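Take a look at the structure below.
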Amino acid sequence: ITGNGIRKSLKILKKKIDLNILEVSTGTKVFDWKVPNEWNIKDAYVKNKNGKKIIDFKKSNIHVMSYSIPIDKKISLDKLKKHLHTLPEKPDSIPYVTSYYKKNWGFCLPHNKLKLMKDDYYNIKIDSSLKSGALTYGEYFKKGKVSEEILISTYICHPSLCNDNLSGVVVSAIFAKLLSKINTYYSYRFIFIPETIGAITWLSKNKKNLSKIKQGLVITCVGTGKNITYKKTRDGASMIDNTVINTLKQNKYQFNIREFFPFGSDERQFCSPGINLPIGVLMRTPYYEFKEYHTADDDLKLVKKKILNDSLVVLSEIVTNIENKKFTKKSKNKKKS
């Protein structure tokens, strides 16, 4: 969620679109949260008694629990096991684990590999730093004929996970580049943020201008899965809900509609009480629901070029209908609270 890896990702995106890269200092109050310390890591490993690295950060950065504090010591297997994360139900997969707000350290590995660890002691090292710095995010603004805005948000904080959410980053960036070449009625704001704390920070820094945002989408998990999935706004009958659903019907896509629920991705923050922006979520197979979710198996082999392209087309069609104001009326089927 912070650090030089985030900065590097945003610099790559800046080569494709005119991205404004912004930083908010550690300790800055954002609503009732604070921007956390910045985390960076150079190396990490676990060595057996023969000095062989049996867990190696340089082979997969998912091997280390994100935000692990630095450590360098010899440790017994029993004590080490308290800091090892596996998925017994997926014994060959490396899980993706984080500890952003509790100081801790840990390694992630396949459960079958854990069963092979028999030495009494292991040498472990996590060469990381956790200190004052900044939270970094990117923003691209496409000015339209009017100041009313459409918000497109995607998150950049899941290292080496491809569907969740490099797919969303790629589709959003390519769409921003395409949109930059045409005149639009609405203005469009694309944000590339670390999940949760990034959205909270962005909302806090822009709270005076939130009334300009009339519709929006979180783009995530758009690189695999046969069907389109759309998760509604908290309102459940907003203009973006109407536009997306009618666009999917109009173009005869296979799709699933989900009602809003207060967990998942950054729709939690955008649709939270006191904010309640009309932001839905465009996905294919949703987070939590594909078997590779939050494991190292969510790699380039999982994501397909054709599906990425189809997701880009769907997003383009939705925005075309927004621009044409084709489905702008709120649904009359809103449930009574």
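Miscellaneous remarks
- Selection count, segment 30-54, where residues are farther than 30 Å from Asp119 by Cβ, part of a strand (DSSP E or B) and free of Cβ contacts under 8 Å to residues at least 24 places away in the same chain: 1
- Top-ranked residue of segment 13-29 - restricted to ones that are part of a strand (DSSP E or B) and of a type in the set (D, E, K, R), ranked as farthest from Ser172 (Cα to Cα): Lys29
- The sole residue among Leu22, Leu84 that is open to solvent by less than 30 Å² (accessible area, probe 1.4 Å) and at pLDDT 95 or above is Leu84.
- Gln269 meets each of the listed conditions (1) closer than 21 Å to Tyr185 by Cβ; (2) open to solvent by less than 50 Å² (accessible area, probe 1.4 Å); (3) not in a loop (DSSP other than H, G, I, E, B) apart from (1).
- Asp72 being farther than 19 Å from Thr295 by Cα and either surrounded by fewer than 14 Cβ atoms within 10 Å (Cβ to Cβ) or in contact with a Ser or Thr (Cβ under 8 Å, 6 or more places away or on another chain) (or both): yes
- Of everything in segment 132-163 that is over 23 Å from Leu277 (Cα atoms) and outside any strand (DSSP E or B), the residue that is farthest from the chain's Cα centre (by Cα) is Ser132.
Yes or no, residue by residue, for (1) modelled with pLDDT under 95; (2) more than 20 Å from Lys326 (Cα to Cα); (3) of a type in the set (Gly, Ala, Ser); (4) in contact with a Cys (Cβ under 9 Å, 6 or more places away or on another chain):
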residue: Thr229; (1), (2), (3), (4): no, yes, no, yes
residue: Thr243; (1), (2), (3), (4): no, no, no, no
residue: Gln250; (1), (2), (3), (4): yes, no, no, no
residue: Phe263; (1), (2), (3), (4): yes, yes, no, no
residue: Phe270; (1), (2), (3), (4): no, yes, no, no
residue: Leu277; (1), (2), (3), (4): no, yes, no, yes
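- For segment 66-125, the set of residues classified as polar (S, T, N, Q) and part of a helix (DSSP H, G or I) consists of Asn112 only.
- Per-region count, segment 308-329, residues open to solvent by 20 Å² or more (accessible area, probe 1.4 Å) and small (Gly, Ala, Ser): 1
The values are calculated or read from the model by the stated rules, or taken from the named source; none is laboratory data. Values in this document were obtained by computation on a predicted structure and should not be read as measured data. So basically every Cβ, Gly included, is an ideal-geometry build from the backbone, and we count neighbours across all protein chains shown. Note: areas computed on protein heavy atoms with side chains; ligands, DNA, RNA excluded. Shrake-Rupley method; radii C 1.70, N 1.55, O 1.52, S 1.80 Å.
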